[in-house]
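First comes the structure, then the notes that go with it.
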Protein chains: 2
Amino acid sequence: MFLSKTTTYAIRILIFMATDEQPLFSAQYLFEKLNISNRYLRRLLTDLTKHGFITSLRGRNGGFVFARKMDSIFLSEIIEAVEGFNLLETCIMGRTDCKLSPVCAMHGSWLEIRDNMKKTFSLTSLQDIKNSSTT
Amino acid sequence: MFLSKTTTYAIRILIFMATDEQPLFSAQYLFEKLNISNRYLRRLLTDLTKHGFITSLRGRNGGFVFARKMDSIFLSEIIEAVEGFNLLETCIMGRTDCKLSPVCAMHGSWLEIRDNMKKTFSLTSLQDIKNSSTT
DNA sequence: CATAAATACTACCTTGATGTATTATTTTTT
DNA sequence: AAAAAATAATACATCAAGGTAGTATTTATG
């Protein structure tokens, strides 16, 4: 898989929140809608809160809302926040130094692919996804 | 990481064998040249043998040689053999059914990237890599 | 034929990602 | 003030990928 399970969860949560019109999302509600294990989902929600994508409201009637405008949250940012390192900068062969040939002979062809991917992820915001899904 | 460690090992082994001119490669020799743990490397060599990329010669003075011409071995084949499933066909979100919006709202942009990647991997053979590295 | 040097097989160990359980904290409602 | 309903924090459990160890098998060489 190209993205870790956790990263795909994070993206799915935020995309769902972006497209489902609700003033507030409780963890319970998100659990019922998305197919992510309850406890793990809650932990991820806390993570996303710490990363500043959403804000948590504690206490009775609490839940989660977007902390920023959806058109300012790009897929690349979500991916990098959750993966914990700059995934889109890495060599496909997992090397930190890509100078060596033939060890990293894939480097040339990979660079093109990676830049293409990076461009797409950096230009696609949650708002864009919302727009294209409602159309 | 976009490819598993094991897959990058497999690719590195075969690229090394393609570029280093030797009539026969012993596991010991490959271990000294590549930076892959000894035992795991040997297991991978057996795997690559079973997948038909290389042939093993047992007994004293044994080792490994290519089982097929290098211009018939494409990166896509190596990746799919080692990953054990058709990685390049999968959805970036790890879903088997990508019909649902907004759950898989990334599908559109991903398709383009994936096809691009698939094309590159399907068109690049070990021979190509050898040619480009000696030039 | 015995030994050395190579690969093959099988089982176990380690580690990180994912998932679960328990308890603590916060806030609203009565 | 007490209870209810929400998130937060911490620790533990599970599983698969990656790595290690020991033994078996094969073949060349003296």
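Observations
- Within the span defined as segment A:53-67, one or more residues are in contact with a Gly (Cβ under 7 Å, 6 or more places away or on another chain) and more than 9 Å from DNA strand D (Cβ to nearest atom).
- 1 or more residues surrounded by 18 or more Cβ atoms within 10 Å (Cβ to Cβ), touching a Pro at 6+ places or on another chain (Cβ under 8 Å) and modelled with pLDDT under 95: qualifying helices (runs of 4 or more DSSP H) within segment B:1-85: B:5-19
- Within segment B:26-67, being more than 7 Å from DNA strand C (Cβ to nearest atom) and of a type in the set (F, W, Y) holds for B:Y29, B:F31, B:Y40, B:F53, B:F66.
- Only residues that are within 20 Å of A:E83 (Cβ to Cβ), in contact (Cβ under 8 Å) with a residue 60 or more places away in the chain and hydroxyl-bearing (S, T, Y) were counted across segment A:1-46, and they come to 3.
- Search result, residues across segment B:9-37 that are of a type in the set (K, R) and within 19 Å of B:D128 (Cα to Cα): B:R12
The values are calculated or read from the model by the stated rules, or taken from the named source; none is laboratory data. What you see is a predicted model; the values in this text were computed from it and never measured. Neighbour counts are summed over all protein chains in view; Cβ atoms, including those assigned to glycine, are modelled from backbone coordinates with ideal geometry.
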